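First the structure, in the form of structure tokens, and then the observations on it.
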Amino acid sequence: MRHGRTMSKTELTSLKNVGPAVADYLSRAEITRNDQLAGRDPVEIYETICERDQQRHDPCLLDTIMSAVDQANGNPPRPWWTYTPERKAG
């Protein structure tokens, strides 16, 4: 039998661009399931992770979070780097 945390990470990692490392980052923002991403502000999630880790993370993490939120909102998966221009236009 699996523990809830393992199953939750597996669910997050079912999203394109979300591997175990990104799932760990998301858990720092108390996001452990795909449905917890829907309707969320990716910048807010990223800022929460940076604050909790007391360091500024690579902005590519924000691109990946944008991708995950977009998928959780029902949009088709896209490579994380396609979100870079949107982030930079920010």
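One residue stands out among those in segment 25-42 that are closer than 15 Å to Ala72 by Cα and of a type in the set (A, V, I, L, M, F, W, C): the one that is surrounded by the most Cβ atoms within 10 Å (Cβ to Cβ), which is Leu26.
Would you pick out the residues in segment 27-63 that are assigned to a helix (DSSP H, G or I) and touching a helix residue (DSSP H, G or I) at 6+ places or on another chain (Cβ under 6 Å)? Across segment 27-63, the qualifying residues are Arg28, Asn34, Pro42, Ile45, Tyr46, Ile49, Arg52, Leu62, Asp63.
Readers should treat all values here as calculations from the given coordinates under stated rules, not as data from a laboratory. All figures in this text were calculated on a predicted structure; none of them were measured in a lab. Here the Cβ is made from the backbone with ideal geometry for all residues, glycine too, and neighbour counts use every protein chain on show.
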